[in-house]
Amino acid sequence: MKIIGVYSIKGGVGKTSTAVNMAYLSAAEGRRTLVWDLDPQGASSFYFRIKPKVKGGGGALLRRKPELDDVIKGTDFDLLDLLPADFSYRNMDILLEGAKKRPTAQLERLLAPIRRDYDLVILDCPPSISLMSENIFRAANALLVPVIPSTLSARTLDQLDAFLGKDNAQGKLRLLPFFSMVDAARSLHAETMAQLSQDYPNMLSTSIPQAPEVERMGLHRTPLPAYAPASAVTSAYRELWAELVAAVYSKKGRRLR
Amino acid sequence: MIRSSLREQSEVVPELSGAPIAEPIAGPVARSAARLDDRYAHGASERPAGESLCRYLDSFDWSLYQAGVALEERIAGAAPRELRWLDLRNDGVVIARQTTNTEPGFADALPDGPVSDLLAPILGIRRLLPMAEVAIRAQRLRVLNEDDKTVVRIVIEEASLRGPEPAAVALPPRLRLLPVRGYAREMDDTLRRLEQSLGFSAGEHESATPLFFDAMTAAGCRPGGYSTKLAYRIDPEQRADAAAKAILHGLFDTLEANVEGTVKNLDVEFLHDLRVATRRTRSALSQIKGVFAPPIVEDFKARFAWLQQVTGPVRDLDVYLLDFPTLRDSLPEAMRDGLEPLRDWLIGHYAEEQAKLAEALKSPRFQALRRDWRAFLEAPTPRDSSLSGAQTGSPAGPQSGPASEPLSQPASSMSAMAPQTPPPPPADGLDGERSIKSVADRRLRSVYQRLRREGRAITHVSPAAELHELRKTCKKLRYLMEFFESLYPSREMRKPIKQCKVLLDNLGSFQDLEVQAAHLAETARRMHAEGACGVATLLSMGALIRTMLEGQQRARQQFSKTFAEFDSPTNRAAFERLFGARGVGAAAARDANA
């Protein structure tokens, strides 16, 4: 089982649509896939038409009553399941602090019992750097980081890089930033992209355009490739998925963990 | 409990109605499902009805079925064929699946995968054959909640058997509920509604039969119906000639069953089974002595000997090719590649020999043998054995014409079984009217004693021919014991048969290795004459001959020990208990005097 966090310190960068579409493409290829909606806003649960509610909330989940296994819901798509969000996740840092030992390893611990049930887990992470994100960094094999080509976004990437860099234990976590919500008409985007690509050689080559189809996911409440399989932005997501697979599953010494 | 029948994600099929439906789209189940759609504000067809083809595959001898599994091949449109491995002992649940792009045949030709791994040890060298083919029309409906989220899936399947005749046979329709994870309450609710709208109770779908069984029943297939095992149930008081015919008829059925597969060379076991049935037939003809007129016996013996002979060359090639990896591995590594031209040569001659064999099995001579033999086996057992000779080839005996008196056949065999009627003394020395049990006792005793006599006479210096003779006798004893097993207390024959097999294995490896070595030497001469091999190959074949002859020597050294075990006092007592004390007593006395 591989774990990929879709993560950004900044909100509104296309994180949830990336998580949902990557998960859909993964399951469509035959991988048993789980999306864990860790964002208390519950956007990916909403996209899959699943109520953002976990019995007993995040605290109960940390006590493993109920077990993770018992709160997973099947989506409308084969091989694709979802662990719904819960509003209590907004207090997750407090709950994690309360863990008796190893407050940064709680997510890893919770996922252990279902390791054999899924080939890929995609974590839809809440924005910000917090105890929760440290849990995510520890559990994940890779972080897929959407970056809007703007100076502010680039700063958060620096922050993340600095945060991960100073923490030795996270050294093996692979950072996979990519450009998201790219507006081809804006020359500033193109310039920023060129600059950032130089500064961050890890930057994936696919960029996801700003497109009305992506915004309509909220109306369809369905992954984009399922209702607009032929659109250009769907093709972009497919390319991103291919790059992600190559990075995470490649056998040539690029194992992340 | 309802859940138990629906616990599996997709494979447990609650059967709704035993009544097959004719119309493909508007059957009662589909109508009910449509009603269900109306009742469910959010019910929706997930996709249009899809058609697929489902074939059940097994070897000719049903080795998968015997192992409690079925192999289902699903073909839908242009997608790769899906193979599903079903556990028949557990409601037909799918244990493994994999895909393949080509028609499944031999295990080693399948792509690697979980099904292939399970199949190979069970199927062995046999070929998968389609046993039944079912066309399935499936419609998937989904039950939605207020968010238009799928919470339960409903699959309606209408299946019909596709047979050789144009008319397809409809199978009972099937309905499946597929749960969606995390929506158990909705599943229960749907089940309850379905029960109400379709009018079946929860208990009924506990007994859901896997589609496999419906398909087999409709196809008129009897899974496990073919076996080369001899399992005759003979009435000890039955007339010996009638019982012998029953045994021969069983062998003939096996022989006939394998003709087509042998002609088409579907796999090597067809020919093997055909040859075993032929050998057993010859043995029964000559060993169940004195029940049929000698001219008939001699005629058929000669004709079956011909069959054995024309089927020999291909079998030899089969054995070589099957053993080839072992033969190759028995050589020092440096000599192994030298054998490859031999393999090429064998393969090169295969098609030619197989064509000759197929021709022989289509020849008028073989058709006449089948016809005459069937007529003989199916002719009524004569009241007067002296007339049996006049009956060959002519279905109407002089005494009772079955064409004019259709009842004469059962009547004659019935009257022979009546204990009040003492059998008339045989007019010409034939024992056809004696009870089969008495014939069996006498023959088994006699062959057993001969086996002991011959075996005890063999010393370290005896010529090979004496061991060959002993093997023949041992084979006769084994076949007789197998034919007559049901005449003796159940299970008591098992151990003696087993002991015969052990002795036969020893004698067999002695003789087979000699024959193989001679055959290989002859092959080497032919290959050399044809310029089909170089020195390296001749050397490798020479080394192989040496390995064979060494093996033969080992078998010879083992013989006295193997025979002594066969002839141990305990085993002797077991044989004597079985075949009657009186004769054995006399034999023991003779042995003591000798």
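The values are calculated or read from the model by the stated rules, or taken from the named source; none is laboratory data. Remember, predicted model here, so these are calculated numbers, not experimental data. Here the Cβ positions follow ideal geometry from the backbone for every residue, glycine too, while neighbour counts run over all protein chains shown.
Looking across A:23, A:19, A:27, one residue alone is assigned to a helix (DSSP H, G or I) and within 14 Å of another protein chain (Cβ to nearest Cβ). It is A:27. Does residue B:115 satisfy being within 14 Å of chain A (Cβ to nearest Cβ), in contact (Cβ under 8 Å) with a residue 24 or more places away in the chain and among the β-branched types (Val, Ile, Thr)? No: the conditions fail for residue B:115. Step by step: first the residues of segment A:74-104, then only those that are part of a loop (DSSP other than H, G, I, E, B) and modelled with pLDDT under 90, then the one that is nearest to the other protein chains (Cβ to nearest Cβ). Which residue is that? By that ranking, first place goes to A:78.
Could you list, in sequence order, the residues of segment B:352-364 that are under 26 Å from the mean Cα position of the chain (by Cα) and part of a helix (DSSP H, G or I)? Within segment B:352-364, B:353, B:354, B:355, B:356, B:357, B:358, B:359, B:360, B:361, B:362 meet the criteria.
Restricting B:361, B:346, B:331 to residues that are modelled with pLDDT under 95, within 22 Å of residue B:265 (Cβ to Cβ) and touching a helix residue (DSSP H, G or I) at 6+ places or on another chain (Cβ under 6 Å) narrows the list to B:346. Annotation: residue A:58 fulfils all but one of (1) of a type outside the set (Phe, Trp, Tyr); (2) touching a Leu at 6+ places or on another chain (Cβ under 7 Å); (3) in contact (Cβ under 8 Å) with a residue 40 or more places away in the chain; the unmet one is (3). Candidates A:201, A:225: the one that is part of a helix (DSSP H, G or I) and more than 17 Å from the chain's Cα centre (by Cα) is A:225.
Are any of the residues in segment A:221-228 touching a residue at least 24 places away in the same chain (Cβ under 8 Å) and charged (D, E, K, R)? Yes, the conditions are met somewhere in segment A:221-228.
Of all residues in segment B:540-594, exactly one satisfies the criterion of being closer than 23 Å to residue B:457 by Cα, modelled with pLDDT of 90 or more and of a type in the set (Val, Ile, Thr), namely B:562.
Scan segment B:334-346 for residues that are small (Gly, Ala, Ser) and without any contact (Cβ under 8 Å) to a residue 24 or more places away in the chain and the total you get is 1. For residue A:191, the conditions (1) in contact (Cβ under 8 Å) with a residue 60 or more places away in the chain; (2) charged (D, E, K, R); (3) more than 21 Å from residue A:8 (Cα to Cα); (4) away from chain B (no Cβ under 14 Å) all hold with the exception of (1). The residue that is modelled with the highest pLDDT, counting only those in segment A:49-65 that are part of a loop (DSSP other than H, G, I, E, B) and either more than 14 Å from chain B (Cβ to nearest Cβ) or crowded, with 22+ Cβ neighbours inside 10 Å (or both), is A:50. All told, residue B:127 falls short of being surrounded by 17 or more Cβ atoms within 10 Å (Cβ to Cβ), charged (D, E, K, R) and more than 26 Å from the chain's Cα centre (by Cα). Of the listed requirements (1) surrounded by 15 or more Cβ atoms within 10 Å (Cβ to Cβ); (2) in contact (Cβ under 8 Å) with a residue 60 or more places away in the chain; (3) over 25 Å from the mean Cα position of the chain (by Cα), residue B:349 misses just one: (2).
Can you find even one residue in segment B:511-526 that is loosely packed, with under 15 Cβ neighbours inside 10 Å and more than 35 Å from the chain's Cα centre (by Cα)? The answer is yes, given that some residue of segment B:511-526 is loosely packed, with under 15 Cβ neighbours inside 10 Å and more than 35 Å from the chain's Cα centre (by Cα).
When every residue of segment A:118-127 is checked against the conditions, at least one turns out to be of a type outside the set (Val, Ile, Thr) and within 14 Å of chain B (Cβ to nearest Cβ).
The single condition from (1) crowded, with 19+ Cβ neighbours inside 10 Å; (2) within 18 Å of residue B:555 (Cβ to Cβ); (3) touching a residue at least 40 places away in the same chain (Cβ under 8 Å) that residue B:474 fails is (3). Of the residues making up segment A:30-48, at least one is more than 19 Å from the chain's Cα centre (by Cα), more than 10 Å from chain B (Cβ to nearest Cβ) and outside any strand (DSSP E or B).
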